[in-house]
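Input: a single structure, listed below in structure tokens.
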Amino acid sequence: MQYYDTGYLQFVFVVVLVFFLIFNIVRARKGKSLFIRRIAGLNAIDEAVGRSTEMGRPVLMVPGLSNLGPVGIQAVNIFSYITRKAAKFGTPIKMCLADAALFSVAQEIIRDVYQSEGVPDQFDPTSVRFISDRQFAFAAGVVGIILREKVAACFLMGDWYAESLILAESANEIGAIQVAASTITTQTPFLIAACDYVLIGDEFYAASAYLSREPVLVGSLVGQDWSKLLIAAIIIVLTVQTSIEKAFIPQTYQESQEGAGKVWTTKQIPPHLKKKAELFERRLFYPHDPEALNPKRQKLKLDPWDKDDSGG
Amino acid sequence: MNLLAQLAPPNTFWTAHNGSTLLWVEIIVAFLLGCGVVFGLAYIPKELRKPIIVTATFLGGFYFVLQYMWPQAQDYTKTEVPRNSVESVSFWLQSSLPTVTNFNQVLTGLLLGLGIASLLRVHIGRVVKKHQDWPYSLTLVISMVVMTVFGYWDWYSKLGPGAEKATLANPQIFPNFGWNFLFEGLFINLDAVMYSMIAFFIFSAAYRSFRLRSAEATVLLGTAVLVMLSLMGGVLVGWDRVVDALGGSGHGAVATFMGNFRLGNIKDWVQNYVQSPSIRAIEFGLAIGLLAMSLRLWLGIEKGING
């Protein structure tokens, strides 16, 4: 499907990125030591759980409106680490979810954490709650929990939209320490304004590698960094190439001479007047329109009742 | 090659009529089968459960990888015959997509039931044990029941079996009024109230962020003030007149240079050359992180923080 817009470039690009990830996972599994820089927001997790323990108040964890996908799973991964810390100190937890599928998975994961810590009776099934799948009903429900339970630490990680600031400001109002991460870039500034620590961009995905140092995760993280370096290199090379093309390489076109029948002459357009569509970089990403089908397809023999001619 | 029988007559196993006995039988059998699979997975040993889930995830993911990667037929219509094996696969992929996405919806519906059960367990428990603030829980339970009753009643009166006849002979005004009152009259307005509260929260968050605590906060404050001023028509006109006056008349070098300091140009520069590239850089990182996470989940090598 993707060839229609981008030719084989995008396909090759995805394959290269996947190769980087798998190569580094294999490398890390072989015992190669890989470096991860310090991430302040993740170091603050212990501080926040410790504060909750001292104050005897719950830790609140919210994955926003994330559904059962990579973002939601990653958020629950981080929350399972926080729950492990809380379980060690007997600190109560609350987790609020807006997606029923993620709720079922999260409840099982949190139950497993308590069991593996040897304190299964500490697990309260009502501590992991499905609130509502409607955005603002969910926000109202979580704000109610924040204000009534007076949570001491608040972890907001996942897909956040307009409800992010309602929760973050409510938690700020009662003095809760907050660590946040949003995969929706428009919400990151709001979280930075309202929270104590924010994981920006892919720091959210780096969290599991950072906290666990598991070779598969660390290798994957290094593969991500290689991929980002490749993208940065492509941007720089194409910027330089496009600048040179627009400054020095003229565009030629054919023009018929007036009154001279079918005689065509080649003329030049000054380089700076080149249209976007004529640039190499543009042609690279948008190669061509699809060609007409040749040969054409045969028609199926359909039953007379079937009038619907649409695809799918 | 249409494996999912989109072209079969409407009264087959796959396309039973709405309200027909066949459809009810299918629903009951599918429900029992689904429950069997769920309970079966819950009771089999853990070491056996993981390979089953990993295999199912891989096959599900592989289907969508094919959807993305496999060359898809141009102008696909289900009335045409594929010309070669590549098109055969692409036809199958295109025609099966609605059915495969329906699996997802059915599963979501099943899990939503679990979510609602959890919600009711928490709140009915609070009401029965008379916990603090139990009247809120009671309100939630009553609202949920009333909304569900009116929702189904309204649907049944409009679209349920025999609905057309019932509407002509005896218009179902009450269920529709009830549903409209609850949804349009109450729910939508309450939603809007929550949304409008964001304005106040933005104000208080902005107040804290824009205090001159550090060099970064000062830069943030300066930039934000410039962008805000550029959105005020009167300020924009006044600022630009001063800049134009300083630049002098005509199209000389000084006037051109001073043109850079027109408020709209400053705002555009900040948004196009500072804000947008930063956001794009963050989005590149997020997209690659998502790709890595998805790949680990798809291949079954995601370990999680706790192993």
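Every condition in (1) surrounded by fewer than 23 Cβ atoms within 10 Å (Cβ to Cβ); (2) in contact with a helix residue (DSSP H, G or I) (Cβ under 8 Å, 6 or more places away or on another chain); (3) more than 10 Å from every other protein chain (Cβ to nearest Cβ); (4) free of Cβ contacts under 8 Å to residues at least 60 places away in the same chain holds for A:Phe13 except the one numbered (2).
A:Val263 fulfils the conditions (1) farther than 25 Å from B:Leu290 by Cα; (2) in contact with a helix residue (DSSP H, G or I) (Cβ under 9 Å, 6 or more places away or on another chain) except for a single criterion, (2). The set of residues in the range A:194-208 that are within 22 Å of A:Val49 (Cα to Cα), facing chain B (nearest Cβ under 9 Å) and surrounded by 21 or more Cβ atoms within 10 Å (Cβ to Cβ) comprises A:Ala194, A:Phe204, A:Tyr205, A:Ala206, A:Ala207, A:Ser208.
For B:Ile301, the requirement of being assigned to a helix (DSSP H, G or I) and within 14 Å of chain A (Cβ to nearest Cβ) is not met. When B:Leu168, B:Leu186 are checked against the criterion of being modelled with pLDDT of 85 or more and in a helix (DSSP H, G or I), a single residue qualifies: B:Leu186.
Somewhere in the range B:101-109, is a residue in a loop (DSSP other than H, G, I, E, B) and closer than 30 Å to B:Phe187 by Cα? The answer is no, given that none of the residues of the range B:101-109 is in a loop (DSSP other than H, G, I, E, B) and closer than 30 Å to B:Phe187 by Cα.
The set of residues in the range B:40-87 that are within 30 Å of A:Asn294 (Cβ to Cβ) and either aliphatic (A, V, I, L, M) or in the same structural domain as B:Ala292 (by TED's automatic domain parsing) (or both) comprises B:Val65, B:Leu66, B:Met69, B:Ala73, B:Val81, B:Val86.
Going through (1) closer than 26 Å to A:Glu108 by Cα; (2) more than 8 Å from chain A (Cβ to nearest Cβ); (3) among the hydroxyl-bearing types (Ser, Thr, Tyr) one by one, B:Ser118 falls short only on (2).
Any residue that is at pLDDT below 90 and either surrounded by 14 or more Cβ atoms within 10 Å (Cβ to Cβ) or over 29 Å from B:Asn18 (Cα atoms) (or both) - is there at least one of those in the range B:146-153? Within the range B:146-153, one or more residues are at pLDDT below 90 and either surrounded by 14 or more Cβ atoms within 10 Å (Cβ to Cβ) or over 29 Å from B:Asn18 (Cα atoms) (or both).
Among the residues making up the range B:234-254, a single one is modelled with pLDDT under 85, part of a helix (DSSP H, G or I) and of a type outside the set (A, V, I, L, M): B:Gly247.
In this structure, is A:Gly158 outside any helix (DSSP H, G or I) and touching a helix residue (DSSP H, G or I) at 6+ places or on another chain (Cβ under 6 Å)? Criteria met by A:Gly158.
On the given criteria, is A:Glu117 among the acidic types (Asp, Glu) and in contact with a Pro (Cβ under 6 Å, 6 or more places away or on another chain)? Here the answer is no, as A:Glu117 does not meet what is asked.
Only one of these is small (Gly, Ala, Ser) and in contact with an Asp or Glu (Cβ under 6 Å, 6 or more places away or on another chain): A:Ala162, A:Ala152, A:Ala194, A:Ala171. Name it. Of the residues listed, the single one that is small (Gly, Ala, Ser) and in contact with an Asp or Glu (Cβ under 6 Å, 6 or more places away or on another chain) is A:Ala194.
The values are calculated or read from the model by the stated rules, or taken from the named source; none is laboratory data. Being a predicted model, the structure only gives us computed values, none of them experimental. So basically every Cβ, Gly included, is an ideal-geometry build from the backbone, and we count neighbours across all protein chains shown.
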